[in-house]
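K.L.:
Let me give you the structure first, and then I'll get to my questions.
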Amino acid sequence: MPIQLESRARELRELLATYSYEYHVLDNPSVSDAVYDSLFAELKSIEAQHPELITADSPTQRVGNELSSGFRKATHSSRMLSLNDVFDRSEVEAWVKRTDKLLPGSRHEFFTDIKMDGLACALIYQDGLFVQAITRGDSFIGEDVTDNVRTIKNVPLRLRSVKGFEQFLSGRTEIRGEIVMLKKDFAKLNKKRLAAGEPEFANPRNLAAGTIRQLDPRLVAERPLHFRAYDILRDNPDELPTHIYAYQVLSALGINRNLEASVFDSLDGVMKFIDKWDKKRQDLPFNTDGLVVKVNNRQQYAKLGVVGKQPRAAVAFKYAPEQATTILRDIVISIGRTGAATPVAVFDPVVVAGTRVKHASLHNADEIERLDIRIGDTIVIFKAGDIIPQVESVVLKLRPKVAAKFDFEKALSTQYPELEFDRPDGEVVYRVKGATGDILLKLVLEHFASKAALDIDTLGEKNVIALVEAGLVNDLADIYTIAKDQLLQLDRFAEISASKLIDAIASKKAPLLEKFVYGLGIRHVGVQTAIDLVDNFGSLDALQQATIDQLMAIDGVGEVVAESIVAWFADPDNEVLLQKFQDLGVKPVFIKKTGRLVGVNFVITGTLITMSRDQAADQIRALGGTFQTAIARDTTYLVVGQNVGAGKLEKAKSYGTTMIDESKLQELIG
């Protein structure tokens, strides 16, 4: 290999890194995209001919391969702490007094920066080379998302070398920040989705978080994510005496950070900064819900210590959340996987903090009592932290005269007549009597894996029990995270049986949408109702956004069923579950009905000789027909088997329904 090629490849890597820094960090490119692309193509060609020249910091190595089984856990070098929230000047003053008391006689400055609404992440560099990225997780342990973060174009694969900052290129350098999607990029992405007939994404923060947890880095690379740093850590803390100096280091190393960050020596200066950005935050390129205020001196910061998960030396100032009024149409109750009964407010859709919401958790019976919230009330909705919708209060002057106090126990008995509930002493939550979380999880998982749902081979009752009791499965989505070596540690599994189960689960990552919806175990949603819902809405996103009125417009879906569906999708635990499915690459598929029996409705009465009722139903559905459990005016055929009762025959006659025998059914289904 000619020495010139090795030298050329090195020069190209360094030049492309400079151009990327100018474009993504300085926002001041010195060359056109065409020049960058041409040089990139040349480097790619050299590396293709001489793979031994490929280095970890080459821009050609940003996009890796799809992960086969979830993300590995990774331990943080020190906890990724959260901050205590403050909401007005008096609370900031109280915080300053507490720090003054703990640092008597010490003069301290305040470092302030705008708080980004994104996904917290730590980037690890060793001797200046990017080696790892870890999400916040539980603050101690996060997920290793290195391959996905590598695709973010403003994340340097090698830190820049600048005179005066050379020490940061030796040893371990950790950079903490937020992964965000800029507002302009989010708007462009949604515009494309609308043009393609796809549903819009809800908000930039959720999209950024969901994107970074995709298992395929190629999908991540397609979405315009940005990383913005807010801290830097070194083994020797003396190298970073203040937070403002840490920001200067970030800029020198080629890392994006907020240029608005400032230092003040008085509370008045901090509050002016807060007031300024309260008015101007809509002009920022990213979403924010407030600012961060820290003691600038990092020795003083460390000396103040930590209480719980929050450092004493910093607070997050939260701006007043956006609010909107709407009318409460119903309160439905959702039963979670632990048996807890959670009330959900269903209201006319309203836009709050840039997103459209139509329901919010009311948490428990005590919260309903505290708010004195009643069906028909005009309510005030707000979004805490620009993310979670909540009911703040009731506009009592607009209360209808007929609005009755909500009776929680009566609602439980009406919505769940076959279940019993109790409320243990000292608790605020009603729970299903006699059902623990594990019992419910086993039943739900067995249903999810059943033939009528996802039909996961070998995931029967005994294996479900083994997985739950071993702690390998805590929700439905967890089955997609199970590894073979975990199964081999259980008595029930050997090499072959473990492989069969892993393969069976992996084969169901793209189930039919109607089977997935049925498998979720939504109360009152049987096989045919799931099919009707999917045929009407065409996607899980559309079904998730459906209102009670839209659901009731579907034949066979009454008020009770519609309320149950809305309650299930409104439950925060279920929202997390669906996001988890998506993050793990589970993508239900909608296939529009085709076949010679489309539009033909069947009911079977009596016993069939040549097939079971379920087999007949499956064949009818496979040809596009509808299998009904009861005769209705739109029933096309009543299939009359043996040992029939008179009721269905009489009803069929009254509706003029055509009655056929089993042999005629066999002709129709072939």
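K.L.:
Looking at R193, R172 in this structure, which one is closer than 26 Å to K294 by Cα and out of contact with any helix residue (DSSP H, G or I) (no Cβ under 9 Å at 6 or more places or on another chain)? Break it down stepwise before answering.
P.N.:
On the way: R193 fails: closer than 26 Å to K294 by Cα.
Among R193, R172, only R172 is closer than 26 Å to K294 by Cα and out of contact with any helix residue (DSSP H, G or I) (no Cβ under 9 Å at 6 or more places or on another chain).
K.L.:
Here is a follow-up. Go through the range 293-303 and report how many residues are over 24 Å from R281 (Cβ atoms) and either acidic (D, E) or surrounded by 18 or more Cβ atoms within 10 Å (Cβ to Cβ) (or both). Explain how you work it out, then say what you get.
P.N.:
Here is the first cut: in the range 293-303, the residues over 24 Å from R281 (Cβ atoms) are 297-303.
Still in the list and also either acidic (D, E) or surrounded by 18 or more Cβ atoms within 10 Å (Cβ to Cβ) (or both): 297-298, 300-301.
So the count comes out to 4.
K.L.:
I'd like to know if the range 275-286 contains one or more residues that are farther than 16 Å from V92 by Cα and among the polar types (S, T, N, Q).
P.N.:
Scanning the range 275-286, I find at least one residue that is farther than 16 Å from V92 by Cα and among the polar types (S, T, N, Q), so the answer is yes.
K.L.:
Then there is this: Under the condition of being touching a residue at least 40 places away in the same chain (Cβ under 8 Å) and charged (D, E, K, R), which residue from the range 326-355 is farthest from R423 (Cα to Cα)?
P.N.:
So the residue we want is R329.
K.L.:
Take the residues of the range 98-118 that are over 24 Å from K276 (Cβ atoms) and part of a helix (DSSP H, G or I): which is nearest to the chain's Cα centre (by Cα)? Break it down into steps so the answer makes sense when it comes.
P.N.:
So in the range 98-118, the residues over 24 Å from K276 (Cβ atoms) come out as 98, 100-107.
Among the residues that remain, those that are also part of a helix (DSSP H, G or I) are: 98, 100-102.
Details: R98: 37, D100: 40, K101: 42, L102: 40 Å.
Among them, the one singled out is R98.
K.L.:
Assuming T378 fulfils every condition listed in (1) among the β-branched types (V, I, T); (2) touching a helix residue (DSSP H, G or I) at 6+ places or on another chain (Cβ under 8 Å); (3) closer than 22 Å to S334 by Cβ apart from one, which condition is it?
P.N.:
Against the list (1) among the β-branched types (V, I, T); (2) touching a helix residue (DSSP H, G or I) at 6+ places or on another chain (Cβ under 8 Å); (3) closer than 22 Å to S334 by Cβ, T378 comes up short only on (3).
K.L.:
Looking at (1) farther than 30 Å from V566 by Cβ; (2) at pLDDT 90 or above, which is the only condition L328 fails?
P.N.:
Status for L328: all satisfied but (1).
K.L.:
Okay, next question. Return yes or no: is A449 out of contact with any Phe, Trp or Tyr (no Cβ under 9 Å at 6 or more places or on another chain) and closer than 30 Å to V332 by Cβ?
P.N.:
Working: out of contact with any Phe, Trp or Tyr (no Cβ under 9 Å at 6 or more places or on another chain): yes; closer than 30 Å to V332 by Cβ: yes.
Yes; evaluated as a whole, the condition is true for this residue.
K.L.:
Check off (1) in contact with a helix residue (DSSP H, G or I) (Cβ under 7 Å, 6 or more places away or on another chain); (2) assigned to a helix (DSSP H, G or I) for K280 and give me the number that stays unchecked.
P.N.:
(1)
K.L.:
Got at least one residue in the range 591-607 being touching a Lys or Arg at 6+ places or on another chain (Cβ under 8 Å) and more than 22 Å from A452 (Cβ to Cβ)?
P.N.:
no
K.L.:
Mind checking whether some residue in the range 422-434 is exposed (fewer than 15 other Cβ atoms within 10 Å of the Cβ) and of a type in the set (A, V, I, L, M)?
P.N.:
So the first thing to find is which residues in the range 422-434 are exposed (fewer than 15 other Cβ atoms within 10 Å of the Cβ), and the list is 422, 424-428, 433-434.
Then keep just the ones that are of a type in the set (A, V, I, L, M); that gives 428.
Yes, there is a match, as at least one residue in the range 422-434 is exposed (fewer than 15 other Cβ atoms within 10 Å of the Cβ) and of a type in the set (A, V, I, L, M).
K.L.:
Can you report the number of residues in the range 600-656 which are more than 23 Å from A530 (Cβ to Cβ), of a type outside the set (S, T, Y) and assigned to a helix (DSSP H, G or I)?
P.N.:
The number of residues fulfilling the criteria is 8.
K.L.:
Now a separate question. Out of P349, P285, I need the residue that is surrounded by fewer than 19 Cβ atoms within 10 Å (Cβ to Cβ) and assigned to a loop (DSSP other than H, G, I, E, B). Which one?
P.N.:
Working: P349 fails: assigned to a loop (DSSP other than H, G, I, E, B).
Every option except P285 fails the conditions.
K.L.:
Find the helices (runs of 4 or more DSSP H) located wholly in the range 463-575 whose residues include 3 or more that are buried (at least 16 other Cβ atoms within 10 Å of the Cβ) and basic (K, R), and list them. Even if it seems obvious, please write down each step before you answer.
P.N.:
On the way: elements: 484-487, 495-506, 513-519, 527-537, 540-544, 548-552, 559-570.
In the range 463-575, there are no helices (runs of 4 or more DSSP H) which contain 3 or more residues that are buried (at least 16 other Cβ atoms within 10 Å of the Cβ) and basic (K, R).
K.L.:
Out of the helices (runs of 4 or more DSSP H) lying entirely within the range 160-257, which hold 2 or more residues that are modelled with pLDDT of 95 or more and buried (at least 18 other Cβ atoms within 10 Å of the Cβ)? Walk me through how you get there before you give the answer.
P.N.:
Working: elements: 183-195, 204-212, 217-221, 243-252.
Correct list: 243-252.
The values are calculated or read from the model by the stated rules, or taken from the named source; none is laboratory data. Only a predicted model underlies this, so the values are computations on that prediction, with no experimental measurement involved. Ideal geometry is used to build each Cβ from the backbone, glycine not excepted, and the neighbour counts take in all protein chains shown.
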